[in-house]
Amino acid sequence: MHGRFTTLHAWLLALPAMVLLVLFTHYPIVVTLFDSFMSTPKKHRPSHFVGLDNYAAMAGDPVFWKALTNNLIYAGATIPISIALALLMALIVNGRIPGRPLMRMAFFTPTVLPMVAVANIWLFFFNPNYGAIDQLLQLVGLTAPNFLGQQQTALWCVIVVAIWKEAGFFMIFYLAALQTIPPDLVEAAAIEGAGRWQILRRVVLPLLMPTTLFVLINAVINAFRTVDHIFVLTGGGPDNATNVLLYQIYLVGFSFWDQGYAAALTMVLLAGLGAAALLQFFFLDRRVHYR
Amino acid sequence: MSEITVANLTKAFGPHKAVDGVSFTVSSGEFVVLLGPSGCGKSTTLRLIAGLEPPSAGSISIHGHDVTRLGPSQRQISMVFQSYAVFPHLDVARNITFGLEVRGVSKAERQQRLARVADIVGLTPYLARKPGQLSGGQRQRVALARAIISERPVCLMDEPLSNLDAKLRHEMRVEIRELQQRLGMTMLYVTHDQIEAMTMADRVILMKDGRIEQDGTPADLYERPRTMFAARFVGLPPMNFIPAPDESGTVGIRAEDLKLTSGAGRLSGSVAGIEYLGADTLVSVEWQGLSLIARVAGASLLKRGETVGLSWDDAAEHHFDIREQRRPVARQFEHV
């Protein structure tokens, strides 16, 4: 009797969170999966079952492949660089240096700004006529190219903005983790003969692994989730040069109103992120030492 | 040959001098304890010798080399921390061989030395465990093993036993001393515990307010304390102090040198408390507002409030000058 009551009690406590999760996460996923096998409803033709047609169309859609490739380049660049920068900045502001509070604030400022505001700032930096980069280049007698307007540079501009925005955020986690490492451990390693680099590699980095895993998961999610700045900077152009999966889903779903195809694209993105999360948990988690 | 020579060492944090002109030497194979109350500068002195803090003035040489400006890794020392400082992400074996690994000692030699040292400290069955799976005493042994395996001439220890329970502390005291003698290690050991100092040390350096109060053998400190501070700090219960009859200073008498007499004795007072310790009993006697403690063998039949006389031999008196609170130089050798 008592045990039963405890079980009921537990389920009741979990209920509000479960309702929210089901309502706003699990149910929409199931509906999206269902929609991805249906055609998009038209005026005189209601939605009907089309099987894997949407997925087949995707496989033959060069824009999808372009967006996927762009997204992989975007992730491949932003994830490692923003994490490495975050670690570097955290190590810098964790040391005894003059002007430390100012530096911490400077590194963290981009995180506080909304992505759209960040994009607007960088829009000014990248402007080929009066932008900050152009003005700097003019000092040495050069002129800036139209960074956002040409295919070769546009994606890298979007990547730079994302790194600038994210590194400061991840730095906070690294800084917090660094401050929990007992100084004794570093001192003991130094006495044992380890140099700065060896201390970093053999003591500090392993002890930061739980943080790295957390930051990595967030970075992966962000690499497929953050598109705000693409709206402001390039709108996915020129000629899909900065188009990424989520942006493509938005275009297909809300500009072209092809909901069936958008649902199929969403499922591909979800499956990709799910696989990445599983990979991280099962392969990396074993190498992580939790204190 | 002296392994460690510290000359005029000073460390200031702002206007406060944590270590103030300290000089001493430690000979090869000697076990020297830096003793003192918290905040006396003993740990800072050790950290300066380890190279973990830069000194404000003075010099340090280890094994004949001036190391004052060298980093901790270049000083050829090993150190055991109060927290043990074992690496939580490495197993016991890798913790012990950490130093050998970073110094590029070959794997075969590492394994060979590990096997020997693990055997010495009794960690052989635990080599594959992570520190999180060890007890406090075992972690302490890992730290000890790390110091032994390095085979460096000098070992520094910073309150290594203060996180252990009383029984284990006693065992480790005996064990560390035995290891130090067997392996011929030169040891500089910091503690605030006078029992550790008295039982383990060849020589004790007593510190107070960043300065050396007395540097001598445990017997020197106990039998010939140079200052009232030393007399109070070393020995349990602390030395009794009474004003000298001629008001020239203070006379100190150890509890075991005070004898209770049924007659008047040299002083008489009333029994204020009785602490029965088993082998002996501490009787505190109130005399002119002072509490004097006498150690008597076995149990005492005295009752609180009873009047007793106190007497002692002249030879048991320690004289301290009133202003300096120091033993006057002329009377220094009175008891020798």
In region B:139-154, anything in contact with a Pro (Cβ under 7 Å, 6 or more places away or on another chain) and either farther than 13 Å from B:A93 by Cα or not assigned by TED's automatic domain parsing to the domain that holds B:L123 (or both) is listed as B:Q140
Given (1) surrounded by 14 or more Cβ atoms within 10 Å (Cβ to Cβ); (2) modelled with pLDDT of 85 or more, A:G236 misses just (2)
If B:K42 meets every condition in (1) surrounded by 23 or more Cβ atoms within 10 Å (Cβ to Cβ); (2) within 10 Å of chain A (Cβ to nearest Cβ); (3) under 17 Å from B:T191 (Cα atoms) apart from one, which number is that one? (2)
State whether the residues of region B:273-285 include one that is touching a residue at least 40 places away in the same chain (Cβ under 8 Å), out of contact with any His (no Cβ under 8 Å at 6 or more places or on another chain), aliphatic (A, V, I, L, M) and surrounded by fewer than 17 Cβ atoms within 10 Å (Cβ to Cβ). no
Looking only at residues in region A:169-183 that are surrounded by fewer than 21 Cβ atoms within 10 Å (Cβ to Cβ) and not aliphatic (A, V, I, L, M), which one is nearest to the other protein chains (Cβ to nearest Cβ)? A:P182
Quick check: anything in region B:81-101 among the aromatic types (F, W, Y), in contact (Cβ under 8 Å) with a residue 12 or more places away in the chain and away from every other protein chain (no Cβ under 13 Å)? no
Being more than 30 Å from A:V204 (Cα to Cα), without any contact (Cβ under 8 Å) to a residue 24 or more places away in the chain and outside any loop (DSSP other than H, G, I, E, B) is true for just one of A:A106, A:A10, A:A67. Which residue is that? A:A10
Restricting to region B:184-206, name every residue that is part of a helix (DSSP H, G or I) and touching a residue at least 60 places away in the same chain (Cβ under 8 Å). B:Q194, B:E196, B:A197, B:M200
Look through region B:139-181, keep the residues that are among the charged types (D, E, K, R) and assigned to a loop (DSSP other than H, G, I, E, B), and return whichever of them is farthest from B:L52 (Cα to Cα). B:D165
All-but-one check, B:Y126 against (1) of a type in the set (S, T, Y); (2) away from chain A (no Cβ under 14 Å); (3) in contact (Cβ under 8 Å) with a residue 40 or more places away in the chain, failing number (3)
If a residue has to be more than 22 Å from the chain's Cα centre (by Cα) and away from every other protein chain (no Cβ under 12 Å) to count, how many in region B:140-151 make the cut? 1
Which of (1) within 9 Å of chain A (Cβ to nearest Cβ); (2) assigned to a helix (DSSP H, G or I); (3) modelled with pLDDT of 90 or more is the odd one out, the single condition B:L48 does not satisfy? (1)
A careful count of residues in region A:30-56 that are closer than 20 Å to A:L246 by Cβ and surrounded by 16 or more Cβ atoms within 10 Å (Cβ to Cβ) gives 6
Just to be sure before I move on: is B:S78 within 9 Å of chain A (Cβ to nearest Cβ), crowded, with 18+ Cβ neighbours inside 10 Å, polar (S, T, N, Q) and not in a helix (DSSP H, G or I) in the structure I sent? yes
Identify all residues within region B:202-259 that are surrounded by fewer than 20 Cβ atoms within 10 Å (Cβ to Cβ), small (G, A, S), out of contact with any helix residue (DSSP H, G or I) (no Cβ under 7 Å at 6 or more places or on another chain) and not assigned by TED's automatic domain parsing to the domain that holds B:G184; write none if there are none. B:A244, B:S248
Every residue from region A:184-209 that is exposed (fewer than 15 other Cβ atoms within 10 Å of the Cβ) and either in contact with a Cys (Cβ under 6 Å, 6 or more places away or on another chain) or more than 9 Å from chain B (Cβ to nearest Cβ) (or both): A:R196, A:W197, A:R201, A:L205
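The values are calculated or read from the model by the stated rules, or taken from the named source; none is laboratory data. Bear in mind the structure is a predicted one, so any value in this text is a computation, not a measurement. No Cβ is skipped: glycine too gets one built from the backbone with ideal geometry, and neighbour counts run over all protein chains shown.
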